[in-house]
Amino acid sequence: MMDFSVTNGVPFPLGASLTSGGVNFSIYSRDAKSITLYLFDSERAERPFTSFDFNPDSNKTGDVWHMEIKGAGEGTLYLYKIDGPYDPTKGLRFNKHKYIFDPYAKAFSKGSVFLSYNNLHKKGFIDNEGGEVLDLSDFPKCVVVNDDFDWEGDKPLNIPLEKSVIYETHLKGFTASPSSGINDGSQGTYRGFTKKIDYLKKLGITAVELLPVFEFDENENGNINPRTGERLVNYWGYSTIGFFAPKTTYAYDKTPGASVREFKTMVKELHKAGIEVILDVVYNHTAEGNEHGYTFGFRGIQNDVYYHLPQGELQYYMNYSGCGNSVNCNHPVVQSLIIDSLRYWVLEMHVDGFRFDLASILTRASNGAPVPYDMPSVTAMINSDPVLSKTKIIAEPWDCAGLYQLGGFPAGDKNRWSEWNGRFRDDMRRFIRGDENTATAAATRIAGSSDCYNHSGRKPSASINFITAHDGFTLNDLVTYNYKHNEENGEENRDGSDDNLSYNHGYEGDCSNPKIQALRLRKIKNFLVYLFVSQGVPLLLGGDEMRRTQNGNNNAYCQDNELSWMDWKLAEENEGLVRFTSLLISLRKNHKIFTRTCFFSDCYEKGSIPEISWYDMNAKNPDWTKQKRFLAFKLSGAGVQDNDFYIATNTDIYDLTITLPALPQDKKWYLVADTAMPSGQDIFEEGREELLTEQRRYVLISGASVVLIGK
């Protein structure tokens, strides 16, 4: 048994921090009557081996309880119990029987909150608000972490946002499949991810955006797959337990605390390859659920501070997230927690940016109303924080309660936040699908969505452009299914969006008809063309470049299996599409005309040649009221010392012979890409473009796009 001694400790930093001779434990709770710290001798321990009571006279400063345990050190496993008033009608849910996680824990041991509590129910124990877990062998413990790490001089890459190409993927799913070719047991882990860095580098992306890697519990989902009878899980991870802790089960080495070192190693290796790391973060709700949920964290620390509670009915929870509760992000204590968490991931984990899930919840005041512009908010704090000043900050500018803030996300500094642009997704889907009278909306999205951002002086990089993302169809499924097929999610196909703006091109699902297959591939290439030639920042869903499919499931949040995992055999089967995507990315990176820092005609003196010109099929100024299924434009590179480009799309069912706009006499049109051409001829490498023998006419096949370069 270790020899421990206790000193008063200090209130800050919050959490468990190594000292010269032990560990300082510090936790906030305003209304707690008493707090006890419990230590465990192993992650599988059924019971703690010792405990320490905080003395409110010597171990408390204001509302912060603190204590230093001499003799404790790195790897110490701990939990709290907090006693205080249990009065849900007043918003207080203290329970002295519950083991409570440290909100600032930097790692957790392997285990499951939900399976532990479910076992209680099976054994006839009380409800969620009742007694303690009597057997803690499967219950996660908080881990004391040593932040020391050899970064080998690693520094932030600070790639300009307008030059970024983001690749959204799931950390585990990227390498979990046996098809990944990783055979040392590290598939589906941080270590395994590093073994596919060469692929990402060759593809050309500049940043990976990882679905949530903050600690969460897969086992909170109790649904059953009706086809297999297997219990489903929370695969995506949008249900945070620890805002400072990388997910333990994503580590190859699952000993307590090893996940931190392994995550850092992954980041370091990605940086060596010139790839930034952006985390999809969920500060808007937690895994504790609604009033019927479990107590293991904020609910048992200071429920009425950490959560939005309806005025006059404090026993309930406001549900702006659609997940049972909503974090009270603009309470000063919670603001500090969020800022501390973000700083930790930047300073200690070297993360390059964040995408904020349901970010509009971050703009709600304690009463639920949007924070007035003249009041401090956590988004304004993020803007002005010096540690975060160079990080990429991206909002999903809406929540599940109708607060939609696209183009006007309230963040103070007009150029600090970028936004996932859902209008780009929808308008480009309608246009490429072939809907009538959608060319005008598509043109606005291609030009950077100035209707959303230019009016407030923002830049095109405010728009994060995407066609598909984790939530919804993959790009392959977008052209393969008219309807969602989510039966295996165990919710009788009720979950997931019914409005997908998709088209199966004549047959629902995979088929062998060569005409349908050719048309689907053409449409996929069209989407990719516009993703990478449009102004704004492109976000590519991982696997779209190799036609990853989810068999029509547009809400695979619960599918931790081959349905969601990357099938690396597809990279070989569709190597032509991977090549097409890679060369499009290269085209974008090599020509600054696609990565402008301001909207057209805003940067350079207006001359006789417009920076962007729109055309009908006869190379005339279009009548937008009649521009139904054709769109064409020319980009003049003169103002940015670049080439001219002409891009056109025919979404009609008939082939078109189109007229090309004239170039200066010393230049000619060369073919960069034609999405109707077979692989190997559909796109040309830089410097190897094909000179057009006919400079005034071009036959644009039905459903195809063409990209020309003038030189």
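Picking from residues in the stretch 445-479 that are basic (Lys, Arg) and crowded, with 24+ Cβ neighbours inside 10 Å, the one that is nearest to residue 236 (Cα to Cα) is 445.
The single residue among 647, 609 that is outside any loop (DSSP other than H, G, I, E, B) and among the aliphatic types (A, V, I, L, M) turns out to be 647. Residues in the stretch 9-19 that are at negative phi, crowded, with 16+ Cβ neighbours inside 10 Å and either of a type in the set (Phe, Trp, Tyr) or touching a residue at least 24 places away in the same chain (Cβ under 8 Å) (or both): 11, 14, 16, 18. Condition check: out of contact with any Cys (no Cβ under 7 Å at 6 or more places or on another chain), over 22 Å from residue 106 (Cβ atoms) and not small (Gly, Ala, Ser). Does residue 203 satisfy that? It is true that residue 203 is out of contact with any Cys (no Cβ under 7 Å at 6 or more places or on another chain), over 22 Å from residue 106 (Cβ atoms) and not small (Gly, Ala, Ser). Take the conditions (1) among the β-branched types (Val, Ile, Thr); (2) without any contact (Cβ under 8 Å) to a residue 24 or more places away in the chain; (3) crowded, with 23+ Cβ neighbours inside 10 Å; residue 537 misses just one of them, which is (2).
Checking each residue in the stretch 64-94 for being under 16 Å from residue 303 (Cβ atoms) and either free of Cβ contacts under 8 Å to residues at least 60 places away in the same chain or surrounded by 21 or more Cβ atoms within 10 Å (Cβ to Cβ) (or both) picks out 80, 81, 82, 83, 84, 85, 86, 87, 93, 94. Of the residues making up the stretch 211-247, those that are part of a strand (DSSP E or B) and either open to solvent by 20 Å² or more (accessible area, probe 1.4 Å) or in contact with a helix residue (DSSP H, G or I) (Cβ under 9 Å, 6 or more places away or on another chain) (or both) number 9.
Return yes when residue 482 is open to solvent by 40 Å² or more (accessible area, probe 1.4 Å) and either under 30 Å from residue 574 (Cα atoms) or assigned to a loop (DSSP other than H, G, I, E, B) (or both) and no when it is not. Considered against the rule, which asks whether it is open to solvent by 40 Å² or more (accessible area, probe 1.4 Å) and either under 30 Å from residue 574 (Cα atoms) or assigned to a loop (DSSP other than H, G, I, E, B) (or both), residue 482 comes out as yes. Scanning the stretch 338-370 for residues that are without any contact (Cβ under 8 Å) to a residue 60 or more places away in the chain, under 18 Å from residue 325 (Cβ atoms) and in contact with a strand residue (DSSP E or B) (Cβ under 7 Å, 6 or more places away or on another chain) yields a total of 3.
The residues listed here are 621, 650, 643; of these, the one that is over 30 Å from residue 503 (Cα atoms) and in contact (Cβ under 8 Å) with a residue 12 or more places away in the chain is 643. Only one entry of 265, 240 meets the criterion of being in contact with a Ser or Thr (Cβ under 8 Å, 6 or more places away or on another chain), under 21 Å from residue 344 (Cβ atoms) and without any contact (Cβ under 8 Å) to a residue 60 or more places away in the chain, and that entry is 240. Among the residues making up the stretch 20-31, those that are closer than 24 Å to residue 86 by Cβ and open to solvent by 10 Å² or more (accessible area, probe 1.4 Å) are 28, 30, 31.
To keep it simple, each residue is scored yes or no on (1) open to solvent by 30 Å² or more (accessible area, probe 1.4 Å); (2) without any contact (Cβ under 8 Å) to a residue 24 or more places away in the chain.
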position	(1), (2)
386	yes, yes
390	yes, no
394	no, no
408	yes, no
417	no, no
420	no, no
429	no, no
437	yes, no
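Of the residues making up the stretch 551-572, those that are open to solvent by less than 10 Å² (accessible area, probe 1.4 Å) and either under 11 Å from residue 489 (Cβ atoms) or part of a helix (DSSP H, G or I) (or both) number 5. Of everything listed in (1) in contact with a helix residue (DSSP H, G or I) (Cβ under 9 Å, 6 or more places away or on another chain); (2) over 24 Å from residue 389 (Cβ atoms), the single unmet condition for residue 161 is (2).
Set side by side, the residues 492, 488 differ, and just one is of a type in the set (Asp, Glu), modelled with pLDDT of 95 or more and more than 12 Å from residue 552 (Cβ to Cβ), which is 492. Filter the stretch 80-95 for residues that are within 16 Å of residue 293 (Cβ to Cβ) and in contact with a Lys or Arg (Cβ under 7 Å, 6 or more places away or on another chain) and give the result. Within the stretch 80-95, 86, 93 meet the criteria. Scanning the stretch 685-711 for residues that are in contact with a Lys or Arg (Cβ under 8 Å, 6 or more places away or on another chain) and under 15 Å from residue 619 (Cα atoms) gives a single hit, 695.
Of the strands (runs of 3 or more DSSP E) lying entirely inside the stretch 1-106, those containing at least 1 residues that are of a type in the set (Val, Ile, Thr), modelled with pLDDT of 95 or more and in contact with a Ser or Thr (Cβ under 8 Å, 6 or more places away or on another chain) span 22-28, 34-40, 64-70, 77-83. Confirm whether residue 317 is at pLDDT 95 or above, assigned to a loop (DSSP other than H, G, I, E, B) and either over 14 Å from residue 376 (Cβ atoms) or open to solvent by 20 Å² or more (accessible area, probe 1.4 Å) (or both). It is true that residue 317 is at pLDDT 95 or above, assigned to a loop (DSSP other than H, G, I, E, B) and either over 14 Å from residue 376 (Cβ atoms) or open to solvent by 20 Å² or more (accessible area, probe 1.4 Å) (or both).
Checking each residue in the stretch 70-107 for being within 30 Å of the chain's Cα centre (by Cα) and aromatic (Phe, Trp, Tyr) picks out 101, 104.
When 678, 661 are checked against the criterion of being assigned to a loop (DSSP other than H, G, I, E, B), open to solvent by less than 20 Å² (accessible area, probe 1.4 Å) and either among the charged types (D, E, K, R) or modelled with pLDDT of 95 or more (or both), a single residue qualifies: 661.
The values are calculated or read from the model by the stated rules, or taken from the named source; none is laboratory data. Given the structure is predicted, the values throughout are model-derived calculations rather than measurements. Here the Cβ is made from the backbone with ideal geometry for all residues, glycine too, and neighbour counts use every protein chain on show. Surface areas here come from the heavy atoms of the whole protein model, side chains and all, with no ligands, DNA or RNA. Shrake-Rupley method; radii C 1.70, N 1.55, O 1.52, S 1.80 Å.
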